[in-house]
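J.: Attaching a single structure in structure tokens format; questions to follow.
Throughout, read-outs are computed from the coordinates displayed, never taken from laboratory work. Being a predicted model, the structure only gives us computed values, none of them experimental. Glycine gets a Cβ as well: all are built from the backbone with ideal geometry, and neighbour counts include every protein chain shown.
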Amino acid sequence: MGRWILNFTWAGRTWSFGDEVDVQLRQAHDLFGGGPSARAVTLRLPLHGVDVPALVQAGHPLSAAVGTLYLDGDRVLVGQVVNPSYDADAPVSVTLREESYDDQTTVLDAHAVVDATTWSDADDASVGRSYPEVFGSPGLELGPAVPAHLLDTTASPGTRYVLVAGHWVPATSVRLHCIDDGGAGPAADTYTVLHVEDGRGRLVAVVDLLEGGKSLTSGAATEGQSYFTRWSGQAGLDGRAGQVLLRMMRRSSVRHDAGRFAVAAAWLDRYALGGFIDDPAVSPVDWIADNLLPILPFTLAQDTDGLYPVVWRSDVHPSEAVAELAEGPLCQRVGAIRERGDLLNDVRVQYGYRADTGDYLRIVAVDETSSLYARISQARHRNDAHSGRYSETVTTDIVYDSATAGLIAQDLVRRRALRRRVAQYSLDRERWGSVRGGQFVSIEDTGRSWSGLGAYVTNKVDDGTATVVELTLADDPVRDLHT
């Protein structure tokens, strides 16, 4: 049996509880995208000899208390008290909740902004605008992709800078577009990228509108106009998806497992992203949730080491299982087999975001004509209310690469073309206690005609006595035809 320990800190004191607390801790993992909700446990705490109402009346609200929960010496949750219930001479009832998305940092530095200190002669339209962080090659051949900001309204001392990125970039040139306030244009030309310091000493990337021989050198470049850039080649910060993910997590204040993020990043690097960030308020984890999770085959989960990624690999095989479960005394069925998942066998991914108009300039479609998974799915469900077709359109602002867009569309269909079979098993903690949420395992259950089937652990409940896991079978009819 596992040993729970709770350290509860409130009103300048810390109480330690062991066998007095009854704990059930749940870990859920979304196979189809999204991230973890807040992890929480509800506890009854006997604070003997403490006049709880009096302390609250004296200015020590229970909502200010913090609890740290350990299982067999491992920290599994650090939570703030919510929804407390108390009375005189009665145990305190509290819920400890750890918000896995409670990121207290922002992606952009608050001082990375056009203001009187950084650029005293900036165009009024640029003042207050955050420096854009550019990654990958946004725009490519498609059109204006990243806002740029006019920094010099006069030509003395002989330069007229436009900010193109709030950091060093490897690009030596960039395409600059100018769209005037009357809608004329866009005029465009390719400019040399320069690196200069702003008024706070920050190194940024700019172009000089007065660079000789360029079409925007003369009258087209005046105040009140809109500027945008598009990039190609080795342009902004590393745009490989795994590296973008790592860069975000390094800035995050959320407790996370850096090692597992590094492993996941190596697999996700096959996706080429491109885009910009200029929202001064967005946190790293929120940006990941809004931009990466909807299009890439991974989710965020949380356990004793904090936040970590779970990659749903399309090429995984039962031989790669980290644990081989077998139905029996140490692995007992809990309930019946269920099916789960919203079908998708007809997907369109809109990409190639154009920043000046808000349009998406490219679309890739995957259906029964281009995916065997979609064909199987539609054949199996042709007689239902949808006639077998389940459609969805996905939009993304951070993809310009056609191969990546196609891979995203194929991945979405492969993951969701068929509903997943789900089953629960109660595992002996001594034998299988190390099985973790998100891991890939195999299950042998002769009574269900399952012989070493691959499955993901998509839910885990541990009460210190038994571990109940939910297994989502990694069914793949195309793969299985060739094995």
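J.: Once the Cα atoms of helix 241-251 and of the chain are each reduced to a long axis, what angle between those two axes, in degrees from 0 to 90 to the nearest 10, is obtained?
T.: Its long axis makes an angle of about 80 degrees.
J.: What length, rounded to one decimal in nm, is gained on full extension from VAL282 through to SER451, with 0.36 nm per residue of separation minus their alpha-carbon distance? Write out the running numbers ahead of the final one.
T.: Details: separation 169, 0.36 × 169 = 60.84 nm, distance 4.69 nm.
That pair, VAL282 and SER451, stretches by 56.2 nm at full extension.
J.: Taking only Cα atoms, what is the 0 to 90° angle, nearest 10, from helix 258-268's long axis to the longest principal axis of the chain?
T.: Value to nearest ten degrees: 60.
J.: Could you check the spin-label model distance between ARG255 and ARG348? Points 7 Å from the Cα along Cα→Cβ, value in nm.
T.: Here the answer is 4.6 nm between the modelled labels.
J.: Gain in length, SER120 to GLU223, computed as 0.36 nm per residue apart minus the alpha-carbon separation, to one decimal in nm? Provide the component values of the computation, followed by the final result.
T.: Values: separation 103, 0.36 × 103 = 37.08 nm, distance 1.45 nm.
Residue separation times 0.36 nm, minus the Cα-Cα distance, leaves 35.6 nm.
J.: Going by a ≥ b ≥ c, the root eigenvalues of the Cα gyration tensor, does the chain fall in the rounded group (a/c under 1.5), the prolate group (a/b larger than b/c) or the oblate group? If you can, show how the numbers build up before the last one.
T.: Details: a/c = 2.87, a/b = 1.42, b/c = 2.02.
Note, shape of the chain comes out oblate.
J.: Let me have the relative contact order for the chain, percent, based on Cα pairs under 8 Å that are six or more residues apart.
T.: Details: 1143 pairs, mean separation 77.3, N = 483.
Once divided by the residue count of the chain, the mean separation gives 16 percent.
J.: In the stretch 328-385, if the dipole is taken from +1 on Lys/Arg beta carbons and -1 on Asp/Glu beta carbons about the Cα centre, which of ALA385, ALA336, VAL349 is farthest to the positive end?
T.: ALA336
J.: Please find the FRET efficiency linking VAL322 to ARG13, where r is the Cβ-Cβ separation and R0 is fixed at 30 Å, and quote it to the nearest 0.05. Write out the running numbers ahead of the final one.
T.: Values: r = 42 Å, r/R0 = 1.41.
Computed FRET efficiency for VAL322 and ARG13 comes out at 0.10.
J.: OK, next. Pop a pseudo-label 7 angstrom from the Cα along the beta-carbon direction at both GLU141 and ARG3 and give the gap in nm to one decimal.
T.: 6.7
J.: How much length is gained if the chain between ASN383 and ASP109 is pulled fully straight, taking 0.36 nm per residue apart and subtracting their Cα-Cα distance, in nm to one decimal? Can you show the working numbers first?
T.: On the way: separation 274, 0.36 × 274 = 98.64 nm, distance 5.50 nm.
Answer, rounded to one decimal: 93.1 nm.
J.: Sketch the reach of a paramagnetic label on VAL66 as a point 7 Å from Cα along Cα-to-Cβ, and name the residues of the stretch 86-129 whose backbone nitrogen lies under 19 Å away.
T.: Zone members listed by number: 94-106.
J.: Further question: Going by how many other beta carbons lie within 10 Å of each one, how would you line up HIS256, HIS48, HIS177, fewest first?
T.: Details: HIS256 20, HIS48 9, HIS177 23.
Ranking HIS256, HIS48, HIS177 by Cβ neighbours within 10 Å, fewest first, gives HIS48, HIS256, HIS177.
J.: Put a dot 7 Å past each Cα toward the Cβ at GLU197 and ASP74; how far apart are the dots in nm?
T.: If labels sit at ASP74 and GLU197, their model points lie 4.9 nm apart.
J.: Report the Cα centroid-to-centroid distance between the stretch 201-216 and the stretch 41-107 in angstrom, as an integer.
T.: A separation of 55 Å, based on Cα centres.
J.: Also, quick follow-up: Note down the relative contact order for the stretch 346-416 as a percent, whole number, built from C-alpha pairs under 8 angstrom at least six residues apart. Can you show the working numbers first?
T.: On the way: 110 pairs, mean separation 31.1, N = 71.
Here the relative contact order equals 44 percent.
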